[in-house]
Amino acid sequence: MSKTDVLVVRGGNRLSGKVPVSGAKNSILPLLFGTLLAEGDHTFHNVPELSDVTSCQEILKFLNADLSFLEPGQVRVRVKSSSDRQIPYELMRKMRASILALGPLVAKYGEAEVPLPGGCAIGSRPVDLHLKGLEKLGATIELSGGMIKATARGGLKPNRYLFDFPTVTGTENLMMAAALTPGETCLENVAKEPEIVQLAEFLKGLGVEIEGAGTGTMLIFGKKPGDLKPNKVATVVIPDRVEAATLLLAGPMTGGDVWIDRAVGDYLGSFKEKVIEAGGKWETDDSDSSIRLNFQNGIQATQVKTAVYPGFPTDLQSQWMAFMCLANGTSQISETIFENRFMHVQELMRLGAKITVEGKTASVRGENPSNFSGARVMATDLRASASLVLLALTINGESQIEGLEHLDRGYEKFSQKMQKLGADITRVKL
Ligand code: UD1
């Protein structure tokens, strides 16, 4: 987990075999913050071991909630009342998703103070819509000294709130706040991701009534603090759709035969459409539990434009770009969600990729793998790191990938899974 670790990839092997998908990072994080709403023991299965989960564990510990791994993948969070309402910057700075503590805390205690998330590599990522939503529920928001202070002394009040944009963590923050706001709250233009639906199911298990999760409008009938109780059965974290798609691409990119187990095809709808448009066959095994991409006639250049779910995920944009580096022809890739999510372009180009960027669109000229060459590259964000590994796997030669702290945030046992598929990939300490 050291910042100085480097991933050494000697590409050119055809990957084959079967690996499972881990639990979704973007699901377990809101679920863990959601535990704060109900005191007692919460259990989760299929929890990925990621540094973001460790960062969340530290915040929960500070808030008197003890997260322990009972065995690999199985977690118990024991939540008790806390007198702490102000989360220190050192705990929050590692992970932007820590803003998810704000909604549950202000709803439960009537006050909370968390650091204002800073900018990050992929864009400024403001939280104005989270804060406007909490204000709609009656919270007073003060910004000072880099902190967000939310107060609602007599508790939050139910209301209607229409998001300007269907922000994912914004929707989750408001869902959790509304869960402890007695009465009916209506959230409109909300995010529809599978992770939102899982959070809604979890909250229902605590005793909250929720209608419309997975659609653009959600009705939440919140309860009083103290009325919510932990789910009686363990919550099984849904498979990570971004990891599944990343691993799937490793098959055709290396000319290999890769099956991904436990992936949910329904979560991958827009990706599947694009795979088919690029000339691939989407194959599932008899039990429908494993997926493989089959590109017998080469990869065709295929345009993608990122969009909110169920559109093409921004979290797959860089991996698709690495894929398109091997396509026949030139493809356009447009990023509409984050303003600065092309940092990987320069690094892919260091490996020999031919990419030009104009505004929000990158043009990628597909090349024969023999035109790429191994190089030392720097991962600039979580998904960018995966795109560099994917392209490096196709290159006959050695690449060294730095910046692994990003990979560790969101891909569980990534190099081990690639090794299992036959990749020559080693993590070394410098
Ligand atoms: C979540 C995901 C992340 C994914 C992203 C988009 C988690 C933990 N992270 O991040 O992996 O890349 O969704 O699918 O689930 N915005 C505002 N104001 C706000 C909130 C967001 O302007 O108050 C903007 C952001 O700057 C960005 C866009 O809305 O341009 C989408 O952001 P959002 O959906 O909030 O992403 P996250 O929830 O941070």
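The values are calculated or read from the model by the stated rules, or taken from the named source; none is laboratory data. None of the values given here were measured: they were computed from a predicted structure. Reconstructed Cβ throughout: ideal geometry from the backbone, glycine too, with neighbour counts over all protein chains shown. In case anyone asks, the SASA skips ligands and DNA or RNA and just uses the protein heavy atoms, side chains included. Shrake-Rupley method; radii C 1.70, N 1.55, O 1.52, S 1.80 Å.
Which of (1) within 19 Å of Arg96 (Cα to Cα); (2) modelled with pLDDT under 90 is the odd one out, the single condition Ala379 does not satisfy?
(2)
Quick one: in region 94-112, which of the residues that are open to solvent by 40 Å² or more (accessible area, probe 1.4 Å) and more than 10 Å from the ligand (Cβ to nearest atom) is modelled with the lowest pLDDT?
Looking at the filtered set, the residue picked out is Lys94.
Just to be sure I understand the filter: pairs with C-beta atoms under 6 Å, separated by 6 or more residues or on different chains, first member in region 17-32 and within 14 Å of Leu50 (Cβ to Cβ) and more than 13 Å from the ligand (Cβ to nearest atom), second member part of a loop (DSSP other than H, G, I, E, B) and acidic (Asp, Glu). Which pairs pass?
These pairs meet every condition: Val21/Asp240; Ser22/Asp240; Ser22/Glu412.
For region 216-238, give me each residue that is assigned to a strand (DSSP E or B) and under 22 Å from Lys80 (Cα atoms).
Passing the criteria: Gly222, Thr235.
Name, by its number, the condition in (1) among the hydroxyl-bearing types (Ser, Thr, Tyr); (2) surrounded by fewer than 20 Cβ atoms within 10 Å (Cβ to Cβ); (3) within 28 Å of Ala423 (Cα to Cα) that does not hold for Thr254.
Just one mismatch for Thr254, condition (2).
If I go through region 123-140 residue by residue, how many of them are closer than 26 Å to Leu91 by Cα and over 27 Å from the mean Cα position of the chain (by Cα)?
So the answer is 2.
Quick one: how many residues across region 65-87 are closer than 28 Å to Pro126 by Cβ and either at pLDDT 90 or above or among the hydrophobic types (A, V, I, L, M, F, W, C) (or both)?
Result for region 65-87: 2.
Confirm whether Gln419 is surrounded by fewer than 24 Cβ atoms within 10 Å (Cβ to Cβ), part of a helix (DSSP H, G or I) and over 20 Å from the mean Cα position of the chain (by Cα).
So Gln419 passes the test.
When the residues of region 162-195 are narrowed to those that are over 24 Å from Arg241 (Cα atoms) and touching a residue at least 40 places away in the same chain (Cβ under 8 Å), which ends up farthest from the ligand (Cβ to nearest atom)?
Ranking the qualifying residues of region 162-195, first place goes to Pro182.
Any idea how many residues of region 201-215 are outside any helix (DSSP H, G or I), open to solvent by 30 Å² or more (accessible area, probe 1.4 Å) and not small (Gly, Ala, Ser)?
3
So which helices (runs of 4 or more DSSP H) are wholly in region 263-380 and hold at least 1 residues that are open to solvent by 60 Å² or more (accessible area, probe 1.4 Å)?
269-277, 343-350
Tell me which residues, restricted to region 364-384, are over 12 Å from Leu348 (Cβ atoms) and within 25 Å of the chain's Cα centre (by Cα).
Selection gives Asp381, Leu382, Arg383.
Look through region 67-93, keep the residues that are open to solvent by 40 Å² or more (accessible area, probe 1.4 Å) and assigned to a strand (DSSP E or B), and return whichever of them is farthest from Ser22 (Cα to Cα).
Filtering region 67-93 for residues that are open to solvent by 40 Å² or more (accessible area, probe 1.4 Å) and assigned to a strand (DSSP E or B), the one farthest from Ser22 (Cα to Cα) comes out as Gln86.
Given the residues Ala353, Ala362, which is the only one that is in contact with a Cys (Cβ under 6 Å, 6 or more places away or on another chain) and in contact (Cβ under 8 Å) with a residue 12 or more places away in the chain?
Ala353
Consider Thr356 carefully, then state whether it is farther than 14 Å from Gln317 by Cβ and hydroxyl-bearing (Ser, Thr, Tyr).
The answer is yes for Thr356.
Gln198 is checked against (1) under 20 Å from the mean Cα position of the chain (by Cα); (2) away from the ligand (no atom under 11 Å from the Cβ); (3) assigned to a loop (DSSP other than H, G, I, E, B) and fails just one. What number does that condition carry?
(3)
Residue by residue through region 243-262, note down the ones that are within 15 Å of Ala386 (Cα to Cα) and part of a loop (DSSP other than H, G, I, E, B).
Result: Thr254, single match.
Among the listed residues Ala392, Ala379, Ala423, Ala386, identify the single one that is in contact with a strand residue (DSSP E or B) (Cβ under 9 Å, 6 or more places away or on another chain) and within 16 Å of the ligand (Cβ to nearest atom).
That would be Ala379, the only listed residue that is in contact with a strand residue (DSSP E or B) (Cβ under 9 Å, 6 or more places away or on another chain) and within 16 Å of the ligand (Cβ to nearest atom).
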